[in-house]
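The values are calculated or read from the model by the stated rules, or taken from the named source; none is laboratory data. Here the structure is a predicted model, which means the values were calculated and not measured. A quick note on method: Cβ atoms are made from the backbone with ideal geometry, for glycine too, and the neighbour counts reach across all protein chains shown.
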Amino acid sequence: MAAGVDRDSVEVNSKFLTSSYKKYALHALWLAPLAFLGLFYFYPMGSILEISFSRTEGSQAAPFIQALASERVRRVLGFTFFQASLSTALTLLVGLPGAYLLARYDFRGKSLLRALTGIAFVLPTLVVAAAFNAMLGPRGWVNVGLMELFDLTQPPIQFINTFSAILIAHVFYNTTIVLRMVGDYWSHIDPRMGQAAQVLGANRLQTLLRVILPLLMPVIITAALLVFIFNFTSFGVILVLGGPRFATLEVEIFYQTVSLFNLPLAATLSILQLACTLILMVIYTRLSAKLTRPLSLRPRKFTQRKLTSWRSRLLAALLVIMLLGMLTAPLIALAARSFTRLDPEPGQHAFFASGLTLDFYKELTTNRRGSLFYVSPLTAIAVSIGYAAATVFLALALGLPAAWALARNSNSKFNRFIDPIIMLPLGTSAVTLGLGFIVAFNRPPLDLRASILLIPLAHTLVALPFVVRSLTPSLRSIRPRLRQAAQVMGASPMQVFRHIDLPMVGRALLVAATFAFTISLGEFGATALIARPEYPTIPIMIYRFISQPGALNYGQALALSTILMAATAAGMLAIERFRIADVGEF
Amino acid sequence: MIRNMVLLKIPTGMLVFFTAFFIAACTSSTPDSTAEISTPSEPYTLTVMTHDSFSVSEGVVAAFENEYNAEIRFLKSGDTGTALNKAILSKGNPLADVFYGVDNTFLSRALDEDIFEPYDSPLLADIDDGFELDQQKRALPVDYGDVCLNYEISYFVDQGIEPPQTLENLLEPMYKGLLVVQNPATSSPGLAFMFTTIGHFGEDDYLDYWKGLVENNALIVNDWETAYYTEFSASAGRGPRPIVVSYNSSPAFEVIYAETPLDEPPTAAVVSDGTCFRQIEFVGILKGGQNRELAEKWVDFMLSPIFQEDIPMQMFVFPVNSQAQLDNAFIEYLTIPTKTAFVSPEKIAANREKWLQEWTETVLR
């Protein structure tokens, strides 16, 4: 059992396990997650695909031939890959230096920085478009400033309906994924490894490239994969900011389903999108199994430094400015606008504030038209937080056993097969799955079509892959010898989990919970399909306001967005405070 | 080294709680269909499926509920197209008793899929025959709204030029770069505006008109929200373009929902002949519903003056019942076009895909 190198000990460990009944115990961990996916993912997806193809005229292969022969579909597929790759690369470029800052330095306001950079994740696209418009739009601050400065007659920056708008918005939304996942993992890597390399004569760059980067690789590709899939299935950003000249597969599925009601073609495109996701997952699974090494994770107490030298302070300041500038400036513009009174005369200049106002917030609390569907903002917050709490609970309860099973026995055939499948919901078209719910759960005892339960269930489908992916890199990197030692001393698998695994992944668990929470708070597509008008979430209410003309409606949408941002930040800070088993002390 | 923890005890408790919650919610979400066979003192439940933009006054619904000892449950199911798709896919075991909100651009899809049962409501007598697009009375008209060009009044006063009066005007150099329209493939007013041009110029010539619009620097965006709030100059978003495709009721919205009280709207709608497209919304009783009698009562109610008079201030569209009185505040700020461009639902159904494809290839390339 004495394994000289850590890599060998993985092999030993898995053999050790397969030789015993514990293998089956590990497979049993899959029971709940797979039952959940089977019932709430595969069953509705299967039902809608079956119904869609049953509407095919002629041979069953016709829609596939139609899709593959269509130049339009090929162009859409090409563009989908292109924009997703470029967006992911840019997101890593912005996120990795930020992750370094969060991982290696301990400074005041770090939790706040982490929360602020994560807010973007929950905002509905229509509001983000409004935020960017307040800054970069034809009459936004930047353009008006430049026009005055250089005496221009036309706004110099064109933002809406450009490819850059798509890229910038994707970076804006997804950088937090890199910051959180990579930042957390990095913070547990023993800095002595880098120091050892330097003692042996490596310079800083060599240390980074040859020591730190390989150690981080598993989590970097995990984060990159999640970002890529989000970009790959991007819908709102493409539609609202990219404009009519750009379409991803998801946009095309929406168009075929809603505008043309061509369900066979929509289903074919959904399958195409899923197939792309699945191929990525399989590549990812292979890669990550190759790249992962067990490590001695260190508590952050030992890995983080204070900002003492002027060099580190300058670097930190630059990184903080970059992150805040890119990720929160549009949010601040948005929040500021929700407190600003506009000049009643639409004059030459935009956003000429004639004073501060709370009118939009006051208006939120009045039911001016006596509408049956009026909901107070407090109720909407309570409903949103309620769904989010249920999502966090469900996603962790299902994701933890799945991640554990994956991490403990990553070489088993069963796990290698299951791993990519867990991720499928992320690559699934929301339009298709939404209709799947309608056709699948249509009779008792599972007539859930109008049930509010569908909302946390749908949110959990999206959150589950995030939870599993946030947890596995940390769980995998735990030295097997620690577990073996505990087992030798008579600990049951449950005790090993409680006393070894759980404390060591405590931080990752918080990261996972934060993802589940924010995914639920911001989700719009599935919620809009299922929402009972008495229980709208905040994004649904924002949409109700912004889809009507009138300055007060627009203002109320911005005010609610500001409330959503505050609720998100508060929720994320609260999760950070939640200490699991004194994680810092293991 | 490893501290003991209480963590795992909490989830066990929560698990029990959530399981109980799940079971409770499962059982409580199903009995709607069985509630109708219970004792008469229990209110009957009627489910009305509709789209996101539906709204109604509390008092109006309460009046119906009291009169018929009923409870109305509304299901909002996304935009018009999505809600209709849901209704079609749950045909046979419908989610609701009544579906409201399918409009003339989607009417053929609903009728071809055969989701409605015919109902000859006595209230149709008060409704102009022009609104009744389905002769078999499966879909009954409830309200209508017009998609028209809107413009910022002060821009044209300041520049000393006339606002556009016709579609042809928009091709003139003085309106270069002033117009923003929506993509008909993704937006309902965008689709209506494309139908306006088809109704006005004809199937064979509308694309030439669009080529002219593009040459005159018209901007095309995907959704109404971006067009109105990002690009249109008289909205609260203060965009750069003073002409937008919106509704003829939008100027009234701008007054009623003004930030500071206004005497008159900052915008106006162009309503000259053939420049607007009329969207008529219909209600129908879904096939396979549990409660035909109450569903009929509800349809009658939606066509009766009490509901019809509530429509304008709730949804900013207009009642089809000629007996309904329009609110004064409303009439003051708005004009209803006398002659709108027309394309029949059958023609729309037959050509939707072809037109959208042609349009995309001509305008977006």
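At-a-glance table
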quantity	calculated
Count of residues meeting criterion [in a strand (DSSP E or B) and acidic (D, E)] in region B:263-292	1
Residue that is within 22 Å of B:F54 (Cβ to Cβ) and touching a residue at least 24 places away in the same chain (Cβ under 8 Å), where the choices are B:E231, B:E296, B:E264	B:E296
Matching entry among A:L454, A:L471 (being within 16 Å of the chain's Cα centre (by Cα) and modelled with pLDDT of 85 or more)	A:L471
Lone unmet requirement of (1) in contact (Cβ under 8 Å) with a residue 40 or more places away in the chain; (2) crowded, with 24+ Cβ neighbours inside 10 Å; (3) out of contact with any Leu (no Cβ under 8 Å at 6 or more places or on another chain) for B:P242	(3)
Of the criteria (1) at pLDDT 95 or above; (2) assigned to a loop (DSSP other than H, G, I, E, B); (3) hydroxyl-bearing (S, T, Y), which one B:T260 fails	(1)
Pair list, Cβ under 7 Å, 6 or more apart: region B:317-332 residue free of Cβ contacts under 8 Å to residues at least 24 places away in the same chain, other residue surrounded by 14 or more Cβ atoms within 10 Å (Cβ to Cβ)	B:A324/B:P305; B:A324/B:Q308; B:A324/B:E309; B:Q325/B:E309; B:L326/B:P312; B:D327/B:P312; B:D327/B:M313
Complete set of residues in region B:335-365 that are more than 14 Å from chain A (Cβ to nearest Cβ) and among the acidic types (D, E)	B:E346
Filtered residues of region A:550-566 (kept if at pLDDT below 90 and either more than 9 Å from chain B (Cβ to nearest Cβ) or assigned to a loop (DSSP other than H, G, I, E, B) (or both))	A:G550
Residue selected from region B:70-94 under the condition out of contact with any Phe, Trp or Tyr (no Cβ under 8 Å at 6 or more places or on another chain) and in contact (Cβ under 8 Å) with a residue 60 or more places away in the chain, by the criterion surrounded by the fewest Cβ atoms within 10 Å (Cβ to Cβ)	B:G92
Test: residue in region A:165-173 that is within 20 Å of A:A512 (Cβ to Cβ), touching a residue at least 12 places away in the same chain (Cβ under 8 Å) and either out of contact with any strand residue (DSSP E or B) (no Cβ under 8 Å at 6 or more places or on another chain) or of a type outside the set (G, A, S) (or both)	yes
Subset of region B:129-158 [out of contact with any strand residue (DSSP E or B) (no Cβ under 8 Å at 6 or more places or on another chain), more than 20 Å from B:E264 (Cα to Cα) and free of Cβ contacts under 8 Å to residues at least 12 places away in the same chain]	B:D129, B:G130, B:Q135
Test set (1) touching a Ser or Thr at 6+ places or on another chain (Cβ under 6 Å); (2) surrounded by fewer than 19 Cβ atoms within 10 Å (Cβ to Cβ) - B:E296 fails condition number	(1)
Residue within region A:487-510 that is surrounded by fewer than 24 Cβ atoms within 10 Å (Cβ to Cβ), within 16 Å of A:I575 (Cα to Cα) and modelled with pLDDT of 80 or more present	yes
Residue in region A:96-113 that is within 20 Å of the chain's Cα centre (by Cα) and under 14 Å from A:L331 (Cα atoms) present	yes
Scan of region B:257-284 for residues that are of a type outside the set (D, E, K, R) and away from every other protein chain (no Cβ under 14 Å), ordered by number	B:V270, B:V271, B:S272, B:G274, B:T275, B:C276, B:F277, B:Q279, B:I280, B:F282, B:V283, B:G284
Region B:181-232, subset touching a helix residue (DSSP H, G or I) at 6+ places or on another chain (Cβ under 7 Å), at the interface with chain A (Cβ under 9 Å from one of its Cβ atoms) and in a helix (DSSP H, G or I), residue nearest to B:T80 (Cα to Cα)	B:W224
Residue match in region A:148-167 (condition: among the hydroxyl-bearing types (S, T, Y), closer than 27 Å to A:F82 by Cα and away from every other protein chain (no Cβ under 14 Å))	yes
Any hit, region B:133-143, residues being within 13 Å of chain A (Cβ to nearest Cβ) and either among the hydrophobic types (A, V, I, L, M, F, W, C) or under 30 Å from B:V181 (Cα atoms) (or both)	no
Which listed residue is among the β-branched types (V, I, T), within 9 Å of chain A (Cβ to nearest Cβ), crowded, with 20+ Cβ neighbours inside 10 Å and touching a residue at least 60 places away in the same chain (Cβ under 8 Å), from B:V56, B:V98	B:V56
Conditions (1) within 14 Å of chain B (Cβ to nearest Cβ); (2) closer than 29 Å to A:V462 by Cβ; (3) modelled with pLDDT of 90 or more: number failed by A:Y361	(2)
Total residues in region B:298-334, condition within 12 Å of chain A (Cβ to nearest Cβ) and acidic (D, E)	2
Qualifying residue in region B:339-359 (condition: in contact with a strand residue (DSSP E or B) (Cβ under 7 Å, 6 or more places away or on another chain) and in contact (Cβ under 8 Å) with a residue 40 or more places away in the chain)	yes
Listing of helices (runs of 4 or more DSSP H) fully contained in region A:375-492 that carry 1 or more residues being within 14 Å of chain B (Cβ to nearest Cβ) and closer than 30 Å to A:S561 by Cα	A:377-408, A:430-440, A:454-476
